[in-house]
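One structure is given here, and the rest of the page talks about it.
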Amino acid sequence: MQKSTTADTSPSAPIETVEFASDLGIRLRRSAEYVAVPLFALVTSGALFAVFLALIGKPPADFYSLLWRGGFGTAFSLQNTLQRAAPLILTALAMAIPARIGLIMIGGEGALVLSGFSAAAVALPLIGVAPKFVLLPVMAAAAIVVGALWVGLAGYLRHARGVNETISSLLLTYIAIAIMNFFVEGALRDPGSANKPSTFPIGDANMIGTIPGTDVHWGLAAGIVLCIALHFLMSRTTFGFAARITGGNPRAALAQGLPVGKLIVACSMIAGACAGVAGFFEIAAIHGRANASLAAGYGFTGILVAFLARHNPIAIIPVAIMFGGIAAAGGLIQRRMGLPDASVLVLQGLIFVVLLISETLYGRFAIFSGERSTSRT
Amino acid sequence: MTDSALATVLIAMIGGAIRVSTPFMFVALGETITEKSGRINLGLEGTLVLGAMVAYMTSYKTGSPWLGVLGAGCVGMALGALHGAVCRLPRVNDVAIGIAMMSFGVGLAFFFGKPYIQPTAPRLPSVPIGEWIGAPPALRVALDVNPLFLVGIAIAIFLWWAFKNTRWGLILRTTGDSAPAARAMGIPVDFVRFLATSAGGFLAGVAGAFLSLYYPGSWNEGLSSGQGLMAVALVIFARWDPLKCVIAALLFGAAGALGPSLQSIGITSGYYFFNAAPYILTLLIMIASAGSKRAMRDVPGELSMSR
């Protein structure tokens with residue numbers, strides 16, 4: 001706005017440079033706002049949770065020191081954290097990419113479970129027949145294709161029939177878990193798995209290794225690479241630009257002749273593929289077989305991670321590591337403080353609610369906008 | 001399948017429909033009130049679970065299941081009020097807040113509910129309608145109806161009447177169809193939506209009480225698996241009409257009772273598939289009804305879902 005007025009009056013070079021500098025200043029201030037508001041939400045919800053703990057008679061200071069020790073304090077706990085961050089990064093991408101095109105797609109858990117199960121299922125006839133370097137790519141391909149189709153279905157229904165994608169993707173999650181249970185407790189059950197019905201294991205020899213020098217599996221590297229690649233795709237390519245325009249105003253995008261339907265389905269399929277990669281690594285690196293452990297809630301925590309990262313693929317990495325730490329510390333906190341394992345759920349829910357409420361703070365503080373009048377839209 | 005087996009399945013499904021449908025009915029009626037005001041609350045799944053836990057805890061501590069129902073309703077109302085109060089702030093998205101409230105409610109329920117998984121709390125009594133009307137013994141069990149089922153039907157009829165014939169109903173519908181028009185009429189839009197979301201939360205809390213205090217009648221962490229969410233989808237299918245909500249709830253109840261009914265005559269294969277039946281049915285119903293012009297005609301104009 002300011003730029004156009006100055007350009008009208010005097011388009012001389014020195015003023016242009018001054019303009020550019022102040023534009024950069026405003027952009028920096030805005031970016032600072034995108035960091036400050038989520039941080040404020042984190043601190044506030046942390047304080048509220050401390051009050052909650054104090055009210056039920058547990059020392060908050062112990063909780064947070066145990067959280068640090070169990071999540072980040074030692075080399076062992078840090079590796080545990082990174083191990084858990086890997087599926088969180090991938091499921092957060094499954095939330096964030098559709099969010100850029102204006103969809104609230106929360107089917108990451110279902111896509112993870114079903115693609116993990118598919119990976120374990122296609123491996124069954126190949127175990128002992130095909131070598132590892134054939135088996136693992138086949139499993140990964142199956143997981144990615146199934147995940148992409150599963151979330152792509154919700155995207156397609158949204159576009160073709162106007163079915164609310166939030167509800168349908170969550171319904172698909174329940175259906176995915178039921179499908180896995182159906183096979184795991186029936187046709188594909190390993191008779192040896194008495195207490196916890198599972199498929200036959202893919203075998204220790206076929207498990208994917210860890211990143212050299214650590215106990216962290218390759219899923220973390222895959223997640224980080226995907227974050228960088230998808231950040232590039234969403235912010236530096238025509239596809240990403242079209243997707244963001246559609247997210248901003250679908251009607252304007254249609255009027256521009258953008259293929260809105262294809263974009264929606266494509267973003268959903270990318271999301272599903274990310275969750276599929278998570279499912280593949282859960283099988284190939286952690287469990288080795290499909291069972292109820294696949295539905296560990298990574299998909300749901302991933303939703304929160306994506307919101308905290310403001311659906312920015314790069315920001316997802318640190319946020320996912322933080323929540324990986326909270327999950328990793330859960331066991332220690334449970335043992336030492338006698339708190340139920342659901343305390344992590346309460347903390348996450350609290351952060352989620354406070355974070356979304358603090359969305360209202362954007363544009364309310366003059367220091368972040370530089371100028372007051374343009375900030376509130 | 002022989003005739004008697006078929007009859008067993010049918011009776012079991014009728015009984016199941018009546019038992020299973022009540023929570024669907026309450027959540028759907030609550031969500032209808034909320035959505036009529038122009039907001040969508042996706043967090044009712046969390047309200048349902050927390051309501052179930054609070055009801056069970058209250059019933060266990062006080063010995064009165066009806067106090068449990070009341071407590072569940074009040075906690076549900078508190079969650080609804082939080083949702084309603086927060087959504088009036090600019091830039092706050094009601095669908096996203098709903099997802100957050102879902103995880104928060106479930107988290108609280110699991111946190112405080114841990115000690116109550118083992119003990120047995122007094123449950124709600126049932127009304128033996130089958131005995132009163134002299135039904136054959138096979139039908140009697142199916143017709144043991146919980147009072148809440150009847151209360152739900154009464155609420156549905158009342159809402160159906162009130163939406164059309166009362167001043168409050170008009171205010172609610174105006175707020176939901178066009179906020180600018182409502183403001184021009186001097187209606188406090190945010191306050192009406194706050195009340196509507198709170199009322200919706202209350203009914204969802206009561207639905208939770210039914211789950212833990214009547215059927216299945218115990219508290220555990222797997223008690224509700226998506227009923228709250230399915231009920232939200234059901235409101236779209238029922239096109240925001242309270243009476244159709246009852247019919248849709250009965251349909252869903254019958255679908256949910258299919259698995260256990262078949263199991264009762266010895267068909268156990270595919271049990272997990274039949275467990276998925278309600279979800280698949282919901283999805284199919286959403287596909288069938290979402291895009292139709294008739295559904296679009298009835299949708300409250302302010303609903304973010306319809307835009």
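Things worth noting here:
- Excluding same-chain neighbours fewer than eight residues apart, no aspartates and glutamates are reachable from residue A:262 by a Cα-Cα span under 15 Å.
- Inter-chain Cβ neighbour average for residues B:105-112, partner chain, 10 Å: 6
- Put in order of Cβ neighbour count within 10 Å, fewest first, the listed residues A:58, A:262 become A:262, A:58.
- For segment A:288-377, a/c is not less than 1.5, where a ≥ b ≥ c are the root eigenvalues of the C-alpha gyration tensor, and a/b tops b/c. That puts it in the prolate class.
- Partner aspartates and glutamates for residue B:164 [C-alpha distance under 12 Å; skip if fewer than 8 residues away on the same chain]: B:241
- Cα pair distances of segment B:3-306 binned at 10 Å [whole percent]: 7, 28, 35, 22, 8, 1, 0
- The protection proxy used here, the mean number of other Cβ atoms lying within 10 Å of each residue, ranks peptides B:224-234, B:76-86, A:285-295 as follows, highest first: B:224-234, B:76-86, A:285-295.
- Placing dummy labels 7 Å off each Cα toward the beta-carbon, the span from residue A:241 to residue A:69 is 5.4 nm.
- In this structure, the pairs whose alpha-carbon distance is over 31 Å, taken from A:196/B:114; A:58/B:61; B:114/B:244, are B:114/B:244.
- In summary, the convex hull built on the alpha carbon positions of segment A:212-328 has an orientation-averaged projected area of 8.5 nm².
- Amide H within-cut-off set for residue A:217, under 5 Å, with H built and near neighbours excluded: A:211
- The long axis of helix B:271-290 is offset from the longest Cα principal axis of chain B by roughly 30 degrees.
- Exposure proxy for B:149, B:24: other Cβ atoms within 10 Å of each Cβ, ordered fewest to most, give B:149, B:24.
- Sorted by Cβ neighbour density within 10 Å, fewest at the top, the residues B:31, A:33, A:185: A:185, A:33, B:31
- Helix-only mean residue ellipticity at 222 nm for chain A, each DSSP H run of n ≥ 4 adding -39500 (n - 2.57), per residue, nearest 500: -23500 deg cm²/dmol
- Close amide-amide hydrogen proximity is noted between residue B:127 and B:145, B:146, each under 5 Å apart and 5 or more residues distant or on a separate chain (H modeled in the peptide plane; Pro and chain starts excluded).
- Rounded if a/c under 1.5, otherwise prolate or oblate - the protein assembly as shown, Cα gyration tensor axes: oblate
- Förster-model FRET efficiency, 35 Å R0, residue B:170 and residue B:85, C-beta, rounded to 0.05: 0.90
- Using θ = phi - 60° in the Karplus curve 6.51 cos²θ - 1.76 cosθ + 1.60, the 3J(HN,Hα) couplings for segment B:228-233 round to x, 6, 4, 5, 5, 5 Hz; x is entered for Gly and Pro.
- Counted residue by residue at 0.36 nm each, then reduced by the alpha carbon distance between them, the extension gain from residue A:138 to residue A:43 reaches 29.8 nm.
- Of the DSSP H helices in chain A, those whose Cα atoms cover at least 18 Å axially and whose Kyte score averages 1.0 or more: A:13-55, A:108-123, A:132-161, A:165-184, A:219-236, A:260-281, A:313-337, A:343-358
- Each residue, residue A:215 and residue A:30, gets one label point 7 Å from its Cα in the Cβ direction; the gap between the two is 4.5 nm.
- Note on residue A:195 and residue B:263: their simple-model spin labels are 2.2 nm apart, each label 7 Å out from Cα toward Cβ.
- Straight-line reach from residue A:132: taking Cα to Cα under 17 Å and skipping same-chain neighbours fewer than 8 places apart, the aspartates and glutamates in range are A:204, A:282.
- Counting Cβ atoms of other protein chains within 10 Å of each Cβ in A:176-189 and taking the mean gives 3.
- Projected-area average for segment A:91-289 over all orientations - Cα convex hull basis, square nanometres: 12.1 nm²
- Estimated 222 nm signal from helices in chain B, with DSSP H stretches of n ≥ 4 weighted -39500 (n - 2.57), rounded to 500: -24500 deg cm²/dmol
Coordinate-derived values only; no laboratory data. Computed from a prediction, not measured in an experiment: that's the story for all the values here. Cβ sites come from the backbone with ideal geometry, for glycine too, and all protein chains shown count toward neighbours.
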